[in-house]
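Take a look at the structure below.
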Amino acid sequence: MLRGGCAARVDSGSPTLAMTVGGNLMDALSGRPCSLPSRAIVAALTPLSWLYVVGLEAYLLPYRIGWRRRHRLPCPVVSVGNLSSGGTGKTGLALTLVRALRSAGVDVCVLSRGYKGAHEGGVGVVSDREHVLLSPAEAGDEAFLLARALPGTPVVVGRDRRQTGDQAWARFRPQIVVLDDGMQYYQLHRDREITLLDANLPFGNGRTLPAGILREPPAHLRRSDWVVLSGMETENGLPNREVTERVKRHLGHSRILRGCYRGVGLRDVVGDERFELAMLAGRRVATICALGNPAQFERQVAHAGADVVHAVRYPDHYAPSEGEIREALDACMAAGAEAAIVSEKDAVKLGSFLRARGDAASANRGLRCPVWVFEAEFALNDMTELMQDLLSLAGCERPCGC
C-alpha cells in the first residue's frame, strides 16, 4: 500500500514465464501470504533445501576443524553481507562505512564481485585513487556505483576475492579492506563480519535455497560480529522488539544495530542537475527498478511524499533493452505519472543508454516521461560503537581521526 491508501499497479518489465510467476512465488519464498500453487511449489522444493544445507555444512566442515585455511590478507578485512538472497542494503551500508572511515583518515579499498561485469571472472581495477577506469559494462552496476560514489577510494572487482584482495594490497596498500557482499565467500579470512537482515522478514519462510531465500541457515548468524536489521518497519504486523527477539535467538556475541535507506535528493538521470526531495510531495510518479527488494524502493519513494501510481519491476541486476525502456516509460505515462523514478543502481544502466542516444543535456528532455534518480543513503541508528571497533581494527588510536 502506497500513498493515497491504494496499491500502485505493478508490472513485470519482461514478459517471461519466470517473471510472471515469480512475484507470487517470491512471496512464498519470503514468508508472505501467497497462493496455494506457490505454497505447493515451496513444499516440493523443500527436500532440495535439506540437501543444500547438508552440502553447505560438508563444505564448511574442513574450515571449522582446521583442515582448510582461509586466505589472509596483510591488512584487516571487513565483510558486509547478508544471510539471504535479495536486497537488504549491503552496498548502501558499505558506502556508509567507507565514507565514515575515510572521513576519519583511514585508507580503504573496496572489493566487489563485479556481478555481470566483464571482469567478474578475473581481476579488474574499477577505480584507483584518482580516476574511474572501467565502464558499467566492464565493472558491473554495483561496482561502478561504488567507484563513482567513493572518489579517492580504490575499487577492485572479481569473483575470486583472494586474487582481488592480493591485487588490492599489492597496488594500494590500504589500511583496511571492505568486502561488499562477502558473507558467503568463505575462502577469505575476515576480521569483522557485518550481516544485514530484512527487519520485516529476517529469515523469509525459514527455508534455505531453493525452497526459501536463505543462503545459509539462521544458526550461521553466530559467525557475525554485528547484525544490522535493515528497514525497521512493521509490514508483517510484528513490533520491532519482537523482530529483534526472534533474531537474538540465533546470535552468539553479535551486536544488533538498526538501519534503513533515507532519501536525500533527486537528480536528472543523465545530467548533474539536482532537485530537492520535496519536489516529490503530492506528485504522481512511477518507479522503475531492477533490485533485489523492489517493494522497499517503492516504499522509500512513497515515504518521500510521492503518489506512486505505477511500478515496473525487473529481476535484480537486469539490463533492460532500449525497447523495454521505451515500453516501461510509455506505461508510466499511460498510468498518469508525471515522472519516472529510478534507483541509483538502475541509473548506472539507464543513464548509459540515454547518453548513447546523443547529447546528455537533451537526452532526458527528449523523453515523453522525464526520469529522475532517487538519491538515498543508508543510515544506522547509532554507529558510534561500530566505528570505534573498525577504527581500532584499522590501527587508529582515537575514535575520530587517525
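The values are calculated or read from the model by the stated rules, or taken from the named source; none is laboratory data. Here the structure is a predicted model, which means the values were calculated and not measured. Positions of Cβ are backbone-derived with ideal geometry, glycine not excepted, and every protein chain shown enters the neighbour counts.
You will find that of Arg159, Arg148, the residue that is closer than 28 Å to Ser85 by Cβ and in a helix (DSSP H, G or I) is Arg148 and no other.
When Glu344, Glu375 are checked against the criterion of being modelled with pLDDT of 95 or more, of a type outside the set (Phe, Trp, Tyr) and under 23 Å from the mean Cα position of the chain (by Cα), Glu375 stands alone in meeting it. In the range 145-170, the residues that are over 16 Å from Gly182 (Cβ atoms) and surrounded by 23 or more Cβ atoms within 10 Å (Cβ to Cβ) reach residues that are at pLDDT below 95 and among the hydrophobic types (A, V, I, L, M, F, W, C) with C-beta atoms within less than 6 angstrom, at least six apart or across chains, in these pairs: Leu145/Val348. Being surrounded by fewer than 11 Cβ atoms within 10 Å (Cβ to Cβ), in a helix (DSSP H, G or I) and out of contact with any strand residue (DSSP E or B) (no Cβ under 8 Å at 6 or more places or on another chain) is a property that holds for Gly55. Applying the selection to the range 96-128, what residues are more than 15 Å from Val177 (Cβ to Cβ) and assigned to a helix (DSSP H, G or I)? The answer is Thr96, Arg99, Ala100, Ser103. Would the range 129-137 turn up any residue that is in the same structural domain as Thr88 (by TED's automatic domain parsing) and in a helix (DSSP H, G or I)? Scanning the range 129-137, I find at least one residue that is in the same structural domain as Thr88 (by TED's automatic domain parsing) and in a helix (DSSP H, G or I), so the answer is yes.
Each residue in the range 77-95 was checked for being part of a loop (DSSP other than H, G, I, E, B) and over 15 Å from Phe378 (Cβ atoms), and 3 pass. The residues listed here are Val98, Val126, Val80; of these, the one that is in contact with a Lys or Arg (Cβ under 6 Å, 6 or more places away or on another chain) and among the aliphatic types (A, V, I, L, M) is Val80.
Suppose the filter is in contact with a strand residue (DSSP E or B) (Cβ under 7 Å, 6 or more places away or on another chain), touching a residue at least 40 places away in the same chain (Cβ under 8 Å) and not in a strand (DSSP E or B); does Gln296 pass it? No: the conditions fail for Gln296.
The set of residues in the range 264-282 that are in a loop (DSSP other than H, G, I, E, B), touching a strand residue (DSSP E or B) at 6+ places or on another chain (Cβ under 9 Å) and surrounded by fewer than 19 Cβ atoms within 10 Å (Cβ to Cβ) comprises Glu273, Glu276, Gly282. Within the range 86-136, the set of residues being more than 17 Å from Leu390 (Cβ to Cβ), out of contact with any Gly (no Cβ under 7 Å at 6 or more places or on another chain) and surrounded by fewer than 20 Cβ atoms within 10 Å (Cβ to Cβ) comprises Ala118, Gly121, Asp128, Glu130, His131, Val132, Leu133, Ser135.
Please work out if Val247 is touching a residue at least 40 places away in the same chain (Cβ under 8 Å) and either buried (at least 18 other Cβ atoms within 10 Å of the Cβ) or touching a Cys at 6+ places or on another chain (Cβ under 7 Å) (or both). Yes, satisfied.
Restricting Arg173, Arg241 to those that are surrounded by fewer than 24 Cβ atoms within 10 Å (Cβ to Cβ), out of contact with any Cys (no Cβ under 9 Å at 6 or more places or on another chain) and among the charged types (D, E, K, R) reduces the list to Arg241. Considering every residue within the range 193-214, establish whether at least one is under 21 Å from Gly395 (Cβ atoms) and at pLDDT 95 or above. Looking for residues that are under 21 Å from Gly395 (Cβ atoms) and at pLDDT 95 or above, one finds at least one in the range 193-214, hence yes.
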